[in-house]
Amino acid sequence: MTDRSRSLTEPVEVQELRDEPFEPEVVSSDVVYKGWVWDVRSDLVAYGDREIIREYVDHTGAVAVLALDDDGRVLLIQQYRHPIRHRDWELPAGLLDIEGEDPMVAAQRELAEEADLVARDWELLVSTWTTPGGNSELIRIYLATGVAAAPAVYAREDEEADIRLEWVPLSDAVDAVLEGRLRNGILSLGVLAAERRLRD
């Protein structure tokens, strides 16, 4: 039996299960595509005893909001997403594209801009890398409760102009995710994490 096969079959004791930072030397890094919203970067990385090239979307990061009302309903929004050719159901969300802006403040701004709502109580629910093999996006999902109408209504354009908003029982949203009827990854993680949080 080789060392490699042993490492795959024998249990490894982990003190605390968590992702581990690891920063191999980046020999060179070039923007190979400059986009309107984000860029594509190509890195030459010294990894082990060789050099490898990895291309990825260099992302600003983002925030999303799981707004929960007093009746246990979650706010979902539906809008057109061109890459998947669907109007999918999502959580209110947006980019961290204002330099230095606190992520929670960005989440509060997105809830107001996309749903004309404010919330009394905010806490970080969960965070995730959306596609670690393809982009650097880290998105933080905030739980917002004590929801009320915002003092101002925002003008929306492009895909946001015909956003549809629905308050859905959290359990119905979880069922739709587990049955494959809702497939947005951020929504899926958010509603599953919220159900767990409320159960605990």
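The values are calculated or read from the model by the stated rules, or taken from the named source; none is laboratory data. Keep in mind that what you see is a predicted model, and the values were worked out from it rather than measured. We place every Cβ from the backbone using ideal geometry, glycine too, and count neighbours over all the protein chains shown. The area values use the complete protein model at the heavy-atom level, side chains included, leaving out ligands, DNA and RNA. Shrake-Rupley method; radii C 1.70, N 1.55, O 1.52, S 1.80 Å.
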Contact order normalised by length for the chain, with contacts defined as Cα pairs under 8 Å and 6 or more residues apart; what percent is it? 20
At 1.4 Å probe size, with every protein chain present, just tell me what the per residue accessible area of the chain comes to in Å². 66
Treating only the Cβ of Lys, Arg, Asp and Glu as charged (+1, +1, -1, -1), what charge dipole size does the chain show about its Cα centre? Round to the nearest 20 debye. 520
So for region 1-103, using the alpha carbon gyration tensor with a ≥ b ≥ c as root eigenvalues (a/c under 1.5 gives rounded; past that, a/b versus b/c decides prolate or oblate), I'd call it oblate
Under 1.5 on a/c is rounded, so check that first for region 79-200, then, if it is not, pick prolate when a/b is larger than b/c and oblate when it is not; a ≥ b ≥ c are the square roots of the alpha carbon gyration tensor eigenvalues. rounded
For region 69-136: rounded, prolate or oblate by the Cα gyration tensor [a/c cutoff 1.5]: oblate
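Remind me, relative contact order of region 84-200 in percent, using alpha carbon pairs under 8 angstrom and six or more residues apart?
Result for region 84-200 is 26 percent.
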In degrees rounded to 10, the 0-90 angle between helix 103-115 Cα long axis and the longest Cα principal axis of the chain is 40
Quick one: among 170, 138, 44, which has the greatest mean-square fluctuation in a GNM of the chain with alpha-carbon springs under 10 angstrom? 44
About its Cα centre, how strong a charge dipole does region 1-102 have in debye, to the nearest 20, once Lys and Arg get +1 and Asp and Glu get -1 at the Cβ? 660
Dipole axis of region 21-144 (+1 Lys, Arg; -1 Asp, Glu on Cβ), positive-most option in 128, 32, 138: 32
The alpha-carbon center of region 35-59 and that of region 77-120 are separated, in whole Å, by 27
Using alpha-carbon coordinates, inclination of helix 185-199 to the longest axis of the chain, degrees: 70
Mean-square fluctuation maximum in Gaussian network of the chain, Cα pairs under 10 Å, restricted to 113, 23, 123, hits 23
